[in-house]
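The values are calculated or read from the model by the stated rules, or taken from the named source; none is laboratory data. For clarity, every value in this text was computed on a predicted model and none was experimentally measured. Because the Cβ atoms are built from the backbone with ideal geometry, glycine has one as well, and the counts that use them run over all protein chains shown. To get the accessible areas, we keep the full protein, side chains included, count just its heavy atoms, and leave off ligands, DNA and RNA. Shrake-Rupley method; radii C 1.70, N 1.55, O 1.52, S 1.80 Å.
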Amino acid sequence: MAAIPKVAPRTVPVIRPRLEVWLWTFMRVSGVLLIPLAFGHLAIMHIINNVHNINACFVYYRWNVLFWWRVYDALLLFLAYIHGLNGLRHVIDDYVHHRGWNQALKWAAFIGGALVILIGTIALIGGVRVTALPEGCPPLG
Amino acid sequence: MAGSEVILPEEARKRWRALEWAWVPGAGLRLVLQEIPQYRGRIHQWAWVANRVAGLGTLLFLTVHILDTALVYFIPTWYEHAIALYRHPLFGLGELILVGCVLWHGLNGLRITISDFRPRLWAAEIQARLILWTVVAFLALYIPTFFIMGNTILQKGILGR
């Protein structure tokens, strides 16, 4: 019987998660969070209410009287849009193999996406302007 | 051996030909579109295709939706016009498709997430069953949603009641 070779104890380097791993984790975490958030949003906006009774007044009361809906919408905005942008990055990597075009499209998606998130955030903080309110929708006193 | 020719398998030949097109943006898309009907990945492949299409469709709508809602702050007088567009029956159809996309992407994504944390589930036969269950869950949620939303579109959007 061959002797079992002795192995000296050694230190194994800890693998630090790199960007790809963080993004993978983000996709799973945001995806799971988005199931109640997005399904809830759809249920409220498309089943319980619908585009025929939603107007600026609806958004105004929802954001001002029920402040937490702003937090809900902020979560949706960030989680869903970043989740979508990262998905788009994978799609670009899958289909656009030319290096220059690949980089250009990813930068365009990144800059455009950052702009959309910025616009959304400003609107969410700024809220509905009183001039947007339709007839018969009194602004909060 | 002199005079003999190495015969590449059909797949390798196709990839080789695709390489000649690698400088074209979207050459990969061309390749994938050619290969999708030939890949024969069964229900697994179609779940993936549907996931990707649904994700891209949702992202497109999300972009439009964030910008139109931002009008309440940036250009308040335009908001009513944007909402009026959504009330058109054609947008109603888009709304039905959108809700289907989000529902499928969410449920299918949940299947993928669960399988990732229980790698044994990635066996092809188990996945085939899980995908079928995902389809069942999707239909169970989407069919009533379709009728409720379809009813609203018909009553308010088309008949104007």
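Of the DSSP H helices in chain A, those with a Cα length along their own long axis of 24 Å or more and a mean Kyte-Doolittle hydropathy reaching 0.5 comprise A:19-42, A:99-126.
Within chain B, which whole H helices from DSSP have a Cα span along their axis of at least 24 Å and a mean Kyte-Doolittle hydropathy of -0.5 or more, if any? Membrane-span-like by this rule: B:42-74, B:89-117, B:124-152. As a fraction of the 1.4 Å probe accessible area of chain B, surface on carbon and sulfur atoms comes out at 72 percent.
With bins 20 Å wide beginning at 0, the percent of Cα pairs of the protein assembly as shown falling in each bin runs 25, 50, 20, 4, 1. Considering only A:G112, A:G31, A:G126, the mean-square fluctuation computed in a Gaussian network model of chain A, springs between alpha carbons under 10 angstrom, is largest for A:G126. Temperature 25 °C, viscosity 0.890 mPa s: under these conditions the Stokes-Einstein estimate for chain A, based on its Kirkwood radius over C-alpha pairs, is 128 µm² per second. When segment B:41-158 is described by a simple charge dipole with +1 on each Lys and Arg Cβ and -1 on each Asp and Glu Cβ, the residue from B:H65, B:L96, B:L85 located farthest towards its positive end is B:L96. Put a dot 7 Å past the Cα of A:W101, heading toward its Cβ, do the same for A:R28, and the two dots end up 3.4 nm apart.
Across chain B, the volume of the C-alpha convex hull divided among the residues equals 196 Å³ per residue. Charges were assigned to the Cβ only: +1 to each Lys and Arg, -1 to each Asp and Glu. The resulting dipole of segment B:1-159 about its Cα centre is roughly 360 debye.
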